[in-house]
Structure formats: C-alpha cells, structure tokens
C-alpha cells in the first residue's frame, strides 16, 4: 500500500446541512430509507431524501407504471405515498435511529397545500431539510405546472419559505425553455438550494399492440441517457445563482458524480442506479473517495465548480 496515500476530506455543507459526503439518494427511488437498510449502510451516505409526501395518502397511477427503455427508464408512479400523518407515525421512528440527515420531499396541488406541508414538516425535528417538488400542476390555475412558470414558482416557494425555518431545497423541472429563469425565481423567493434535474417527460409504445406501454401514456424519463442534459443544466444554473446545487440525472458511478461536482454541484443524488444495484449510493461514495485519494485531492470541496472552460 502507498504510505503517502491521503485520506480526503469528503464533507460538504449543503445550505447549512453538514453531509459526511456529497452522495444523497433521490426522492422516489429509495422509499423512506428503511426499505434499503438491508442493502445499504445508511450511515455511509451523505443524506437520504424521502419519497414525495402529500397531505393525504395517494394510491398513484394504475399499472403498468414503470418501463425500461434504452439508456434509462420511464416511470409514471403518480406520486404514490403514505401521506404526512402516516409518515410521522410509521416512518419517522426508524429514521430517528439512523445518524444520517433526512430530507423530506413534498408537493401539493395548490399553494396553500404546499405551505401547509412545509408548516407540518417544519415541526418534525428529525428532518434536516425540505425538498420541494414543483413539477406538479396547480389545480387552481388551470393545471399550469408550478415548475414551468417563474411567477408561479416564485409564489409557491415564497409561501413555503414563510412556513418553515428549515433549509428549503427546490427541485427543478427540465421541461422548461430556460432553467436559469426558473432557478433565479426560486432564489428570489428564498430557496436555500436547488436540485436539478427532475425527470424529462417521455413515452414508450408497444408496436404490436399499437398502444402506449404506460397506463398513464407518458412518464418521467431518468437514467444514463439524461446525464448530458442534466450536466448542462447544472453548469448553466451554477454560473447564474449563488445557491448550492444538487446534481441529479443519470449518475451511475463515481465518475458521473464527480463530473457533476466539477460542473458546479455541491452534492449529488443517486436515483435510477439504485434500481439496478440497491447499494449504488454507498458504492459511489466509496469510489469517489478512492478517486480523490488516488489523485491526491485532499478536499472534495475543491472540485465544486472547478470545471476549466
């Protein structure tokens, strides 16, 4: 063994949340944490992000609602979740036993619902922060998606900001003309950090049946094929706002994760990779540390935004 090998500092600070390393799990791909405890040392990763939560439990969309595609997968789960009351009663007791920050992802159908969710989640001491999913339609404004209209995004994030003192992370949709405009609106509304990107809208067709494969027809596309798009958006947003960024999109290994950090991400989220290997997040964190050690990089924070152009 090389006696000169260094042990790199893997810690990062995400909007006031200290992480032991930059690797987080992506909402909707890691359940509520407990489901993966058998496969992952939950105290080896930086943070866990819960499945998206709403005021009431949701059954989600009819099946089939997941389909593998070349380079990724489509999902139309429909934000199935247990609801906030069951989350507090049945999920928090386990999360309390794990020494890893937990961030609750949440959503609503109206600004008032978003604000109420932020207020309720603010009262849970076990939560280190909140991640707002704004890729949802505003039922009071004709179905306009909060995350595709800057004024709408500003209003919903402002309402959430008033309802919580916890770090507030906004998950941005890539299904927009200009993601920088959306990022700036969220920054102006009081967001503490940004997650990007959420899934792209896609579909799959069964040629022989001449029908869509997903019961919902369209779904969210994720996996390796979206990585170049996500990298570009992270790079663009990092240069335009002062907020820390969480990079998401097609991160399958340590190289992918480190590229996102060079583009400007402070942390990353691993999603689709966990469907292939439930221990992916832990493996990626370990491999990132090994890469830093092999390349004599003493502190992972020195890579954030260090892309040379």
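Data for the structure
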quantity	calculated
Output for the stretch 13-40, where each listed residue is outside any loop (DSSP other than H, G, I, E, B), in contact with a strand residue (DSSP E or B) (Cβ under 6 Å, 6 or more places away or on another chain) and more than 14 Å from residue 286 (Cα to Cα)	14, 17, 19, 25
Residues that are within 14 Å of residue 94 (Cα to Cα) and surrounded by 15 or more Cβ atoms within 10 Å (Cβ to Cβ), drawn from the stretch 1-40	31, 32, 33, 34, 36
Unique residue being in contact (Cβ under 8 Å) with a residue 12 or more places away in the chain and either part of a loop (DSSP other than H, G, I, E, B) or more than 18 Å from the chain's Cα centre (by Cα) (or both) when the list is 43, 68	43
Residues within the stretch 66-83 that are within 18 Å of residue 127 (Cα to Cα) and buried (at least 20 other Cβ atoms within 10 Å of the Cβ), tallied	1
In the stretch 174-190, the residues that are more than 17 Å from residue 243 (Cα to Cα) and within 19 Å of the chain's Cα centre (by Cα)	174, 175, 176
Criterion: buried (at least 20 other Cβ atoms within 10 Å of the Cβ), in contact with a helix residue (DSSP H, G or I) (Cβ under 7 Å, 6 or more places away or on another chain) and part of a strand (DSSP E or B) - qualifying residue of 219, 247	247
From the options 163, 153, 189, 159, residue that is farther than 23 Å from residue 226 by Cβ and either surrounded by fewer than 18 Cβ atoms within 10 Å (Cβ to Cβ) or free of Cβ contacts under 8 Å to residues at least 40 places away in the same chain (or both)	189
Residue in the stretch 265-272 that is closer than 27 Å to residue 182 by Cβ, surrounded by fewer than 21 Cβ atoms within 10 Å (Cβ to Cβ) and out of contact with any helix residue (DSSP H, G or I) (no Cβ under 7 Å at 6 or more places or on another chain) present	no
Every residue from the stretch 46-65 that is part of a loop (DSSP other than H, G, I, E, B) and surrounded by fewer than 20 Cβ atoms within 10 Å (Cβ to Cβ)	55, 56, 57, 59, 60, 61, 62, 63, 64, 65
Pick from the stretch 295-306, criterion loosely packed, with under 15 Cβ neighbours inside 10 Å and touching a residue at least 24 places away in the same chain (Cβ under 8 Å), ranking: nearest to residue 35 (Cα to Cα)	299
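This table checks each residue for (1) under 16 Å from the mean Cα position of the chain (by Cα); (2) within 24 Å of residue 167 (Cβ to Cβ); (3) surrounded by fewer than 23 Cβ atoms within 10 Å (Cβ to Cβ).
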site	(1), (2), (3)
202	no, no, yes
209	no, no, yes
233	yes, yes, no
243	yes, yes, yes
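Read the figures in this text as sums done on the coordinates, not as results from a lab. These figures come from a predicted structure and were not determined experimentally. Note: ideal-geometry Cβ built from the backbone for every residue, glycine included; neighbour counts use all protein chains shown.
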